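Enquirer: Questions regarding the structure given below will be posed in turn.
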Amino acid sequence: MNLQILSLEGQFYIVRTEDENGSRLLTDRKDQPHRFHCLEEIRDHFHSHILDEVWLEQVTPYEEMCGLDDDTAPLRIKLNW
């Protein structure tokens, strides 16, 4: 399984899982995106899973606010978990 961690404004993270069945957003009991407050919280949540790749992606609106193109690729960092 692969994880894509999205770092969003408001200092929280949401997670998308990817496996042979496709990609899906991790949700809570109310079918809302499950919010994490730090990377360690995510790591603890998935401690019993075998993770092939974990990616952290910074999503920010600042490029557009600074006059850059809206199609600027987000910053992606591979985490070694």
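The values are calculated or read from the model by the stated rules, or taken from the named source; none is laboratory data. A quick note: this is a predicted structure, and the numbers were derived from the prediction, not measured. Counting neighbours? That spans all protein chains shown, and the Cβs are built from the backbone with ideal geometry, glycine included. Calculation scope for accessible area: heavy atoms of the full protein, side chains included, ligands and nucleic acids excluded. Shrake-Rupley method; radii C 1.70, N 1.55, O 1.52, S 1.80 Å.
Enquirer: Scan the stretch 1-30 and report the pairs whose first residue is in contact (Cβ under 8 Å) with a residue 24 or more places away in the chain and farther than 16 Å from ILE77 by Cα and whose second residue is open to solvent by 50 Å² or more (accessible area, probe 1.4 Å) and part of a strand (DSSP E or B), with Cβ atoms within less than 8 Å and a gap of 6+ or a chain change.
Expert: Between residues of the stretch 1-30 that are in contact (Cβ under 8 Å) with a residue 24 or more places away in the chain and farther than 16 Å from ILE77 by Cα and residues that are open to solvent by 50 Å² or more (accessible area, probe 1.4 Å) and part of a strand (DSSP E or B), the close pairs are MET1/GLU18; MET1/ASP19.
Enquirer: Which of the residues that make up the stretch 1-26 are open to solvent by less than 50 Å² (accessible area, probe 1.4 Å) and within 8 Å of the chain's Cα centre (by Cα)? If you could, list the steps in order and put the result at the bottom.
Expert: Just the residues of the stretch 1-26 that are open to solvent by less than 50 Å² (accessible area, probe 1.4 Å), to begin with: 2-8, 12-15, 17, 22, 26.
Residues satisfying the conditions are LEU3, GLN4, ILE5, LEU6, SER7, TYR13, ILE14, VAL15.
Enquirer: Can I ask one more? Within the stretch 53-66, can one find any residue that is in a loop (DSSP other than H, G, I, E, B) and modelled with pLDDT of 95 or more? Before you say what the answer is, go through the steps one by one.
Expert: Looking only at the stretch 53-66, we keep the residues that are in a loop (DSSP other than H, G, I, E, B), and these are 59-61, 66.
From what is left, the residues that are modelled with pLDDT of 95 or more are none.
The answer is no, given that none of the residues of the stretch 53-66 is in a loop (DSSP other than H, G, I, E, B) and modelled with pLDDT of 95 or more.
Enquirer: Sort out which residues of the stretch 7-23 are under 15 Å from GLU53 (Cβ atoms) and in a strand (DSSP E or B), and write them in order of number. Write out each step before concluding.
Expert: Step one: list which residues in the stretch 7-23 are under 15 Å from GLU53 (Cβ atoms), which gives 15-20, 23.
Matches in the stretch 7-23: VAL15, ARG16, THR17, GLU18, ASP19, SER23.
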